[in-house]
Amino acid sequence: MIKFLSLLLAGLSLGSMYALVAMGFVIIYKASGVANFAHGSLLLIGATFVAFTHDTLGFGPAVLVALLGTAASAFLLQFLFIRPMRTASPIPTTIVTIGMDILLLVLLTGLLGEGLHELGQPWAGDTVVIGDVGITVNRLIGLIVAALLIVGFLVLFKRSAWGISMRAAAEDPEAAALVGLRLGRVTATTWIIAGVLACVAAIFLTGAPTPGLSPALWTVALVAFPAAIIGGLTSVHGALVGGLVIGVAESLATGYQQQLLFLGRGFGIVVPFVVLLVVLLVRPEGLFSARGGRRV
Amino acid sequence: MSPQTAAPLDIEGVTVAFGAVKALDDVSFSVQSGHVHGVIGPNGAGKSSLFNVISGVYRPSAGEVRLDGMALTKLRPHEVAGLGIGRSFQNVDLAGEESVLESLLVGRHDLMRSGVTAVMLGLPRARREEREHKARVTEIADFFGLADHLDRPLHELPYGQQKLVDVARAVCMEPRLLMLDEPAAGLDEAETDTISEIILDLRSALDLTVLLIEHDMGMVMKICDHLTVLDFGRRISDGTPSAVQSDPAVASAYLGTGEAAEIETGTAP
Amino acid sequence: MSDRLQKWDSRLLVTRALAVLGVLLLLVAPLYLEEFWLRLGFTACGAAIGALGLNILTGAAGQLSLAHAFFLAVGAVTYSWLAGDPDPAIGPTGLGWPPVVAMAMAIVVTAAVGLLVSPISSRLSGLYLGIASLALVFIGQHLLATLSGITGGFQGRSAPTFSVFGFEFSNQSELLVLGVPFGRYERLWYLGLLLLAVSAWAGRNLLKSRHGRAFRMIRDKELAAAVSGISVRRGKQNAFVVSSALAGLSGALFAIAIGSIAPVSFSLDVSIQYLVMIVIGGMGTVTGSILGAAVVTALPILTQRYGGVFPLVGDVVSPAAAARYLYGGALIAVLMLQPRGLAAVAGLVRRRAPSNSASEARPIAGGRAPVDPPTDTDALERKAPIT
Ligand SMILES: Nc1ncnc2c1ncn2[C@@H]1O[C@H](COP(=O)(O)OP(=O)(O)OP(=O)(O)O)[C@@H](O)[C@H]1O
Ligand SMILES: [Mg+2]
């Protein structure tokens, strides 16, 4: 039972990181109509900034630099590659994001080289025990920060001018343009927010129990994509739930892998994708998507 | 074709809602075989939604549509099409590279039978089928005056001809019921006359029943045998063109839309 | 008018002549080329068949798929296992079937797997499928590592050489053609060309047929397609199964080219490479698939071999990284500047015959000018559907 609870807690924490990534992915989808396959590179960019600056600046300022840097990178990617494609259909534009990802990934793996990089989180590998349930301080802080960010984000999404315009634009771009929404600015803001969310997730995902930053962080974003789809791809709340579901499922499958050995070693890694297939089989449009009819 | 034969299309109590908007509200009417049946009404009255219900794109929350007594409302769009309902669209959106011939052949898809393996292996029967259907499509294109353009990419044609291609594609399905959503929108007077003639000729040459949405009152009054008028999703009038013309409910629905005068005089602006 | 026609004709003639010349050159190539190039050629032919498969699914039917590596893996494993040595000195056993049969089965089995997942795939629209298909790649990797009795696990397994009716595609029996020894890669060269030619022909037939038109209509206007009588699910399923079948063949050829298979050869990266092929080459066309596959297959191998000629390559960026920069950049550049790809740049996509000027001069009403109302309405009789 204690094992189960600590796995559950670890899973929730991991899931909250996935949720941050998936929510960024979903708002980009809503704003630009593309699946951003370069999201993994955004995570890498964030963590790389911290890894390369924390020695000289200290952890706090390094995080600030990373947040700004990732936001700026996300904005630039949108401005240089996605904006010019706005008249194209979604699939070519999505493939452009794959191209961005190829370029960024080869650049960043070149920068990072082999081996692991420290991000210099002050809490390092400490753990805390709550009741009988243990968790790394990193994951705990991660869970708290993510929870705050998610609440803040949801409020922003519901109340702010950005959130309202963004939802209007996603519903009916033509009408939104007609009433004079500055779609360009809304889209740019969206990418910036997604970049910030990815950066925060990256900082906690490279901390304990993960030993540090390597290009493998990129794959984490891939796990967040199923989270986005499970939630219906267009729903921010769905992405949140999807992220948590996937995080918990992965944590449990990894924790109980001795019992799951008949499914093969390392089954935990593919669990998010198995969950995805099951959900799609039952509800192809995802758990939270209300698909209206299209107009003809 | 006498108008007294069994009604091929029955619409009964159809309701469609989008959130708070009732696009269709308990609409009923029937379409007589061989008629050109007009559906008119101001913008947003629910005309296109009605077509979408008939062709299986929208599922109504209440009511039923029957073709020769058979319920359509549970079927998916391609199954409805397979029963002999051809449809053209209000907005032609033909940005593709596809040629006119290919666009028309799309309408034959369901009438052709060759499987994937047969066409990949280039089997003689697959080739023959393709040839035969091309011949028929060429015939239909000729009727529409499109025969010279068969090899041109669709987007190269002027708007009026793009609309014709869309109608011709629906005819290529060899439908019993042809549904046309504003075929004359954006056309000039001469072109509108041409499409009116085409509709009447098609009806007699192919034994078709035509369901026509159109804003051009001149055209509607000239070619329709029967009219149904929708306003805010409700059927407000139904009858012969002259009966509808003198229906006060219709006049008030159109009041202030600038089309009121057209209704009364039955002329195009 | 006649000028234009003539010009057109002569162009067509030139294209034809070039094509014939190209085919001749390909046929005599093994007499002159060293093994390096022949091997590259065979690999490219195999890749082109796989790219054609993906292009039918993604280029023509508009269903983005990142699962292609998974289907390549199914083909490669099926071939290697079925044709594999039943009693090898090391590594997992095989069933010892004749390689031709094993290759055919690679196609059939992969198509069947495609059919198996199509209840999910054909209900998803293009972008959803793109993300969902990631699942197959990762599950595939897991299966490759886990089912080691068949796949050889992490280390992989060897893939048997190909043979047809006793004729081995290997160096074993001596074979001299015009004084040139024909070894493994000389022989495979022709096998690759033949299979590619057949696949390209079948692919072109498909794209020109009712099914090809349905694919494009589903891609461009899904609702209009359905209302025109096309079953959208069925169409997507067809595209998915054909795409899988070609991937199966391509996977088997890959196994034959390398002589062994391992999970790393079927990672997400490979799926992305195939996507790059069809985009760079040209979406939805057979020619584009072949050109794209040639470029993407050759790039890393050529930067490896000749990269040193360029500054930076070698010291600052590795040849492999240089290739990735090149094709990543090319991918973006093509989509932003010339979405129709290399095939269009090379003018190989046949332009449509110029329309005749008489029809251009007509008013919009075209052949049905109001002055000439059609009286021959009986010319258009109702016909029973042609069967
Ligand atoms: N898919 C949809 N989602 C939301 N609302 C819809 C949808 N389709 C139609 N509507 C609404 O239903 C109402 C009727 O629309 P419809 O297109 O049927 O009108 P119409 O009579 O064809 O108008 P028009 O003459 O302008 O073509 C409108 O208020 C429209 O906004
Ligand atoms: Mg309408």
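The values are calculated or read from the model by the stated rules, or taken from the named source; none is laboratory data. Since this is a predicted model, take the numbers as computed values, not measurements. Here Cβ is always computed from backbone atoms with ideal geometry, including for glycine, and neighbour counts include all displayed protein chains. These accessible areas exclude ligands, DNA and RNA; they are computed on the full protein's heavy atoms, side chains included. Shrake-Rupley method; radii C 1.70, N 1.55, O 1.52, S 1.80 Å.
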Response to the item:
If we ask which residues in the range B:158-183 are within 16 Å of ligand 1 (Cβ to nearest atom) and open to solvent by 10 Å² or more (accessible area, probe 1.4 Å), their number turns out to be 2
Discussion item. So, in the range C:44-71, how many residues would count as being more than 9 Å from the chain's Cα centre (by Cα), hydrophobic (A, V, I, L, M, F, W, C) and open to solvent by less than 10 Å² (accessible area, probe 1.4 Å)?
Written reply: 8
Worksheet item: So, of the residues in the range B:58-75 that are in contact with a Ser or Thr (Cβ under 9 Å, 6 or more places away or on another chain) and within 14 Å of chain C (Cβ to nearest Cβ), which turns out to be nearest to ligand 2 (Cβ to nearest atom)?
Response: B:TYR58
Discussion item. I'd like the full set of residues that are part of a helix (DSSP H, G or I) and away from ligand 1 (no atom under 16 Å from the Cβ), limited to the range B:46-81.
Written reply: B:HIS78, B:GLU79, B:VAL80, B:ALA81
Worksheet item: Is there any pair with a first residue in the range B:169-181 that is under 22 Å from B:GLU98 (Cβ atoms) and a second that is within 16 Å of ligand 1 (Cβ to nearest atom) and open to solvent by 10 Å² or more (accessible area, probe 1.4 Å) whose Cβ atoms are under 7 Å apart and which are 6 or more apart or on different chains, and what are they?
Response: B:ASP181/B:SER48; B:ASP181/B:PHE89; B:ASP181/B:GLN90
Response to the item:
The condition of being open to solvent by less than 10 Å² (accessible area, probe 1.4 Å), more than 19 Å from the chain's Cα centre (by Cα), among the hydrophobic types (A, V, I, L, M, F, W, C) and under 27 Å from C:PHE169 (Cα atoms) holds, among C:ALA135, C:ALA102, only for C:ALA102
Discussion item. Within the range B:184-230, take every residue that is crowded, with 23+ Cβ neighbours inside 10 Å and among the charged types (D, E, K, R) and give me the one that is farthest from ligand 2 (Cβ to nearest atom).
Written reply: B:GLU191
Worksheet entry | Pair list, Cβ < 7 Å and 6+ apart or interchain, from the range B:211-231 residues that are on the phi > 0 side of the Ramachandran plot to residues that are open to solvent by 30 Å² or more (accessible area, probe 1.4 Å) and more than 16 Å from ligand 2 (Cβ to nearest atom) | none
Worksheet item: Which is open to solvent by less than 20 Å² (accessible area, probe 1.4 Å) and at pLDDT below 85, of A:SER289, A:SER251?
Response: A:SER289
Worksheet entry | Members of the range A:78-102 that are at the interface with chain C (Cβ under 9 Å from one of its Cβ atoms) and charged (D, E, K, R) | A:ASP101
Item to complete: Examine the range C:208-215 for a residue that is open to solvent by less than 10 Å² (accessible area, probe 1.4 Å), within 21 Å of the chain's Cα centre (by Cα), aromatic (Phe, Trp, Tyr) and modelled with pLDDT of 90 or more, and state whether such a residue exists.
Response: yes
Worksheet item: In the range A:213-238, how many are open to solvent by 10 Å² or more (accessible area, probe 1.4 Å), farther than 17 Å from A:ILE28 by Cβ and more than 14 Å from the chain's Cα centre (by Cα)?
Response: 3
Fill in: Filter pass, A:GLY231 being of a type in the set (Gly, Ala, Ser) and either within 16 Å of ligand 1 (Cβ to nearest atom) or under 30 Å from A:LEU108 (Cβ atoms) (or both)
yes
Discussion item. Checking the condition free of Cβ contacts under 8 Å to residues at least 12 places away in the same chain, among the aliphatic types (A, V, I, L, M) and more than 10 Å from chain A (Cβ to nearest Cβ), which residue from C:ALA202, C:ALA159, C:ALA214 passes?
Written reply: C:ALA202
Worksheet, complete the sentence: Taking the range A:57-71 and keeping only residues that are out of contact with any His (no Cβ under 6 Å at 6 or more places or on another chain) and open to solvent by less than 50 Å² (accessible area, probe 1.4 Å), one is left with A:GLY58, A:PHE59, A:GLY60, A:VAL63, A:ALA66, A:LEU67, A:GLY69, A:THR70, A:ALA71
Worksheet item: What residue, among those in the range B:82-110 that are away from ligand 1 (no atom under 16 Å from the Cβ) and of a type in the set (Asp, Glu), is nearest to the other protein chains (Cβ to nearest Cβ)?
Response: B:ASP110
Worksheet item: Residue check, B:SER49 against (1) within 14 Å of chain C (Cβ to nearest Cβ); (2) on the phi < 0 side of the Ramachandran plot; (3) crowded, with 19+ Cβ neighbours inside 10 Å; (4) more than 16 Å from ligand 2 (Cβ to nearest atom), all met but one. Which one?
Response: (4)
Worksheet item: Going by the structure shown, is B:GLY34 within 16 Å of ligand 2 (Cβ to nearest atom), within 18 Å of the chain's Cα centre (by Cα) and either more than 24 Å from B:ALA253 (Cβ to Cβ) or surrounded by fewer than 22 Cβ atoms within 10 Å (Cβ to Cβ) (or both)?
Response: no
